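Peer 1: Let me begin by handing over the structure; questions about it come next.
The values are calculated or read from the model by the stated rules, or taken from the named source; none is laboratory data. Fair warning: this is a prediction, and the values are worked out from it, not measured in the lab. Note that we place each Cβ from the backbone using ideal geometry, even for glycine, and neighbour counts take in every protein chain shown. The area values use the complete protein model at the heavy-atom level, side chains included, leaving out ligands, DNA and RNA. Shrake-Rupley method; radii C 1.70, N 1.55, O 1.52, S 1.80 Å.
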Number of protein chains: 2
Amino acid sequence: MQSRTPAGRTGRPRSAAADTAILAATRAALVELGWSKLTLGDVATRAGVAKTTLYRRWAGKNELVVDAVAELFDELRLPDSGTLAGDVEGVVLQFAAILARPEAKSGLMAVVAESTRDEALRERIRASIVERQKRLVVEGRARAQGRGELPPETASEEAARTVDLIFDIVAGAVVHRTLVSAEPADEEWVRGFTQVLLTGLAGAGEEPASPP
Amino acid sequence: MQSRTPAGRTGRPRSAAADTAILAATRAALVELGWSKLTLGDVATRAGVAKTTLYRRWAGKNELVVDAVAELFDELRLPDSGTLAGDVEGVVLQFAAILARPEAKSGLMAVVAESTRDEALRERIRASIVERQKRLVVEGRARAQGRGELPPETASEEAARTVDLIFDIVAGAVVHRTLVSAEPADEEWVRGFTQVLLTGLAGAGEEPASPP
DNA sequence: CCGTTACGCTACGACTCGTAGCGAAAGCTT
DNA sequence: AAGCTTTCGCTACGAGTCGTAGCGTAACGG
């Protein structure tokens, strides 16, 4: 968040209700208009605030949409299924459910595209969206190592690289499936993906050990 | 392409030189301005043509950028390294090299974002960019099956699903690494990725069988 | 009650968009 | 060589958006 009133501050405080109304209006506008046709004037009207209020709180369209989309990822939780495969499937299904929403599709990819030319924007995305997801990978990996499903820790630098690699594979696959292939990442797909991730391509032909 | 002069047509033909100049100017504008600040008027000036000529050939910014970016993928070739791992690494490195270019980063993701609200645009992307990449997966997989590195074909519908899955994993990982994590998909990363893809997470700690 | 800050509203110049209309140019056909 | 057809470059235009400035009012804290 960025609109927190600095602690020992005088004067009229910023309306917290306006913040939530603006972010909700932004998501609604993303659904109806998409990124390119979304205008800040329209968002202001939807939220019931003045256009100038928007410009007082956000630098521009990019920052506003990042904050609006970031809230969608608040609900991400790491399930405790007891097995690595179960944890992966659970997280991926949650991630896929978020990405299936139209405001996430059009908003997230657009700001990522913009972030290729804006270092500050990329950092904002990283801090408010990506880092939260990556923490799930770290925790899930640690659990699996504790159960002996994954080889134990090596050097810490090597571990960081591995986490980054896993994260790029998991998040990238779901994003590509949802946005580029434009097919749902449903349970069947997630099962297949998880099997490839855990056992590799060669093992992908075999059935998993436990049919229901 | 869309500006081919219909076969038995009379009148002045469209300038092919204008086409290439416009697409090159579009890529240059993508590098300098990025997607959001790119204007068709600016592209026309760079290409040395009138703005109206642009509107006669392309419906809008989206279609123009898709064509401009699609040309970047013309150079994709499937290397014949003799092993599945080598083929995967070769293709991924080529793909990564293309995605490393700024005109690909800002252009490709932006049109993908737009395509979530435009069915025709998504089809245009699929036909001119995605399908070409997917063919490499199909061919590489067939070669590996011929060498016995992958289990042979099952049902054809099952095979299509597998190809789609592999494609989403490979392309998604490279895209996510390059655009979201904003780190280069260099040889070291590609080696690690290929190993996970072929042997799975559990085998990712082991060294590959054949050191040079 | 007073100082300070946020808010809503209006207005503004600058810019981009996509289109229309025109005369000239470049092909093919006869 | 003349005629037909289509494209091209150019200019101009209304419509819409941008981001900001200015003003009076509202909501807090001391």
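Peer 1: Looking at residue A:184 and the list (1) modelled with pLDDT of 95 or more; (2) part of a helix (DSSP H, G or I); (3) open to solvent by 70 Å² or more (accessible area, probe 1.4 Å), which single condition is not satisfied?
Peer 2: Result: residue A:184 passes all but (2).
Peer 1: Now for a separate question. From the list A:24, A:50, A:18, A:97, pick out the single residue that is open to solvent by 40 Å² or more (accessible area, probe 1.4 Å), among the hydrophobic types (A, V, I, L, M, F, W, C) and within 14 Å of DNA strand C (Cβ to nearest atom).
Peer 2: Only one candidate qualifies: A:50.
Peer 1: Looking only at the range A:65-85, which residues are of a type outside the set (Ser, Thr, Tyr), within 14 Å of chain B (Cβ to nearest Cβ) and open to solvent by 20 Å² or more (accessible area, probe 1.4 Å)?
Peer 2: Once the filter is applied, which keeps residues that are of a type outside the set (Ser, Thr, Tyr), within 14 Å of chain B (Cβ to nearest Cβ) and open to solvent by 20 Å² or more (accessible area, probe 1.4 Å), the range A:65-85 yields only A:85.
Peer 1: For the structure I just gave you, tell me whether residue A:54 is within 11 Å of DNA strand D (Cβ to nearest atom) and either outside any helix (DSSP H, G or I) or within 14 Å of chain B (Cβ to nearest Cβ) (or both).
Peer 2: No.
Peer 1: Let me confirm something: among A:212, A:208, which residue is in a loop (DSSP other than H, G, I, E, B), modelled with pLDDT under 95, over 24 Å from residue A:66 (Cα atoms) and in contact with a helix residue (DSSP H, G or I) (Cβ under 7 Å, 6 or more places away or on another chain)?
Peer 2: One residue alone meets the criteria, A:208.
Peer 1: Filtering the range B:112-150 down to residues that are open to solvent by less than 70 Å² (accessible area, probe 1.4 Å), more than 13 Å from the chain's Cα centre (by Cα) and among the basic types (Lys, Arg), which residue is nearest to the other protein chains (Cβ to nearest Cβ)?
Peer 2: Out of the qualifying residues, it is B:122.
Peer 1: Looking at this structure, is residue B:170 open to solvent by 20 Å² or more (accessible area, probe 1.4 Å) and modelled with pLDDT of 95 or more?
Peer 2: Judged against the criteria, residue B:170 is a match.
Peer 1: Let me ask another. I want to confirm something. Restricting to the range A:37-47 and keeping residues that are within 11 Å of DNA strand D (Cβ to nearest atom) and either surrounded by fewer than 17 Cβ atoms within 10 Å (Cβ to Cβ) or more than 14 Å from chain B (Cβ to nearest Cβ) (or both), which single residue is farthest from residue B:110 (Cα to Cα)?
Peer 2: A:45
Peer 1: For the range B:151-172, give me each residue that is over 20 Å from the mean Cα position of the chain (by Cα), in a helix (DSSP H, G or I) and more than 10 Å from chain A (Cβ to nearest Cβ).
Peer 2: B:156, B:157, B:159
Peer 1: Also: Against the definition (within 20 Å of the chain's Cα centre (by Cα), buried (at least 16 other Cβ atoms within 10 Å of the Cβ), touching a residue at least 60 places away in the same chain (Cβ under 8 Å) and under 16 Å from residue A:185 (Cβ atoms)), how does residue B:175 come out, yes or no?
Peer 2: Yes: the conditions hold for residue B:175.
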